[in-house]
Amino acid sequence: MSCPKCGGKGYIEVKEVCNICEGSGKAKSFNPRLTAELTSEQLQLFAKGICGVCKGSGERTRLVVCDACKGSGKSSKCKICGKQIVGSSDLCNECRKKPHAYLLRNSCGIEDIRLNRVYVGKVVSLTDIGAFVQLNKRLKGLIHKKNLKNAYLNEGDEVTVKVTSIRPSGEIDLELHPMDSYEVVEVSKQVKTIPISEAEKNIGKIVEIRGLVTHIKLTAGPTIFTIVDESSAINAAAFEDGDRAYPEINVGDVVRAIGVIKRRETKLQMEVYEMERLLGEEAYGIKKAIESEIERRSEPEFKGFLIESEVLENLKDTMLAVAKELRKAILESRPVVIRHHWDADGVCGGVALEIALKDYVEKNHPDPDAKNYLVRRRVSRAPFYELEDVVKDLDESLDDAEKFGDKIPLVVLVDNGSGHEDIPAIRQFLAFGADVITIDHHFPDEEVDKYLLYHVNPYKAGGDSNYTSGVLCVEIARMISDRNFEHLAAISVVGDRAEGEVEKYIEVAKADVEFLKKVVLAVEYEGFFLRFRPASQIMHEILGFGRKDRQIKLVEMLYEYAMKSIEEQVKTAMESVKVQILPNGIALAALDVENYAKRFEFPPPGKLTGEVHDRLKQKYERIVTIGYGPDFAVIRSEGVMLDIPRLVRELREEVNAGVDGGGHLVVGSIKFIAAKRKEVLAKLAAKIGSI
């Protein structure tokens, strides 16, 4: 600590009467010998009749060595009794007289050892020449056999030894200094404390850093602690023979760490010699300063939207808040789980956020592997966040929290998460401390907002489902990363057949619509066979984040396979289609996908129903197509003002069949108990006929 008397300067200022003017401040006369020591300014003061030495004040300031610290500027506390002492001594005069031994912490090197001082050590091996004693992980000395005398030692014994000599070769000679009772004085190396941002300037040097632990990773070798301070972040590797190093330190603790700065691949890393928790006011101050800086750094940069849109402008504040929350999660080493629907729109939205966040991780996180555990993209087969998905996400998150001390993640639902059917899964994750954000374009249920941190949805800003999830995610991704995502927005628009001003995204991307349609089908074809696997590398290639020539070949090939499967299935399915003209003039088409389609083959029931519907709507202006199976029905419509979420609510109340489902207003699906299929479909047809 700094000397309280001189403030760490080692000297104090003493004021005394000016001996030139005898305190008057006036220039009566002065010794000519002073002329060489005076500045021109002081000489001019003398010429005006003012004492140039004291500048008219009558007092002079003289610097004297601080008598409290003897010029060292240092003060400390006794390491035994805690009494404040001046100078750099470890002990006060009283405690120095008591039996004591020094314990060298791992930061200490041979330069920190003092001759004839008694240290605590551990016997690590017994040999013909004597006993080797470990003073810390870095230092080992030898008690020569002649100095052991009649002492009986075993490996692992704790002993007190005196340092008798340090040879030029670095070998340390010890002798036993047994004591029955003694105080232990811990010694740490006195090193420079630096902000983490200055680690680059201190490569190869032993330094101290102070910061917040945001992540802990146990490897087969060292335990890796991610430490952040106000300026930056760094990985600190602590070696403990494969065991968890410093088990008393957890995520969220404020620590001081001493070690040597090294470069590992492209990132800097500290090899830890010593680490300990900080508590009390000091820890609180460090933590608050770090939180404030993370809050500042997580503020996104708004570059403007890719197209002019009143709906997007209305959503701007919420989208910026989501971007900030995602950036903040990365800076705090909090995992982000992106759970999206498997169709082209959902995939484009999920991939845009995935790539943007991984870019942000690489730029701001010290761990080269962090992007693999901080950003996780997962696929939902259902058009909502179902319990099967949340169980997988939750189990993985809790497992990582147990193994690595990971925080409970921030969950982002893309192209789902707006409906009543999403609530059970969302609530289950919330019970474990997660936060959930929805970015969706399905018609929202008001109740779901009670469980969401943020809800980005065009229906909340005067828009409709034409503002696809992919479009919304691309605009948010641009607030996180500088990468171009325009083509993902265009693919999303084409994939969901969005209309209106969002079609400008195709112009912005300067993309060929026919090729975009092929990309959409390639994504859905590959996604069908990938099932629940996100397969980021494959999807990134199909979506144009790899080699352009390979993307074209891959898209053309998958498109060919998909079209062949569609044509084969549609040809058979069309034979089963029954069309009935309802009293209100709506054509109701029924398709038995259970018996007239291959199971577990592309296209799935929803896609097949859509393909059949596309062919039928060329003949009928107002048409609703229902593709039904044992316990589900897929609905597609054209020229009819449906409200599928409302139909689902009404059927749930009117038919005791466990009805559930949802989707867009005019496109969606329904689930029910198989035994009640006829009753549910009859009720559904009656409701369509009453529109």
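The values are calculated or read from the model by the stated rules, or taken from the named source; none is laboratory data. A quick note: this is a predicted structure, and the numbers were derived from the prediction, not measured. As a convention, Cβ positions derive from the backbone with ideal geometry for all residues, glycine included, and neighbour counts pool all protein chains shown.
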>> Can you list residue pairs whose Cβ atoms sit under 9 Å apart, with the first residue in region 132-152 being without any contact (Cβ under 8 Å) to a residue 12 or more places away in the chain and the second being exposed (fewer than 13 other Cβ atoms within 10 Å of the Cβ)? Count only pairs 6 or more apart in sequence or on different chains.
In response: 132/125
>> For region 86-103, check the following and say yes or no: at least one residue is in a loop (DSSP other than H, G, I, E, B), in contact with a helix residue (DSSP H, G or I) (Cβ under 6 Å, 6 or more places away or on another chain) and either acidic (Asp, Glu) or modelled with pLDDT under 85 (or both).
In response: no
> So which of 525, 505 is more than 30 Å from residue 328 (Cα to Cα), crowded, with 18+ Cβ neighbours inside 10 Å, among the hydroxyl-bearing types (Ser, Thr, Tyr) and in contact with a Leu (Cβ under 7 Å, 6 or more places away or on another chain)?
Replying inline: 525
> How many residues, within region 299-332, are within 20 Å of residue 376 (Cβ to Cβ) and either part of a loop (DSSP other than H, G, I, E, B) or hydroxyl-bearing (Ser, Thr, Tyr) (or both)?
Replying inline: 1
>> Can you list residue pairs whose Cβ atoms sit under 8 Å apart, with the first residue in region 657-681 being farther than 15 Å from residue 645 by Cβ and not assigned by TED's automatic domain parsing to the domain that holds residue 415 and the second being aromatic (Phe, Trp, Tyr) and not in a helix (DSSP H, G or I)? Count only pairs 6 or more apart in sequence or on different chains.
In response: 657/672; 658/672; 672/632; 677/628; 680/672; 681/628
>> Which condition from (1) modelled with pLDDT under 95; (2) assigned by TED's automatic domain parsing to the domain that holds residue 110; (3) not in a loop (DSSP other than H, G, I, E, B) is the one that residue 163 breaks?
In response: (1)
>> Exactly one condition in (1) in a helix (DSSP H, G or I); (2) within 30 Å of residue 525 (Cβ to Cβ); (3) touching a strand residue (DSSP E or B) at 6+ places or on another chain (Cβ under 6 Å) is false for residue 348; which is it?
In response: (3)
>> Go through region 237-286 and report how many residues are within 22 Å of the chain's Cα centre (by Cα) and of a type in the set (A, V, I, L, M, F, W, C).
In response: 11
> Can you pull out the residues in region 35-56 that are at positive phi and not small (Gly, Ala, Ser)?
Replying inline: 55
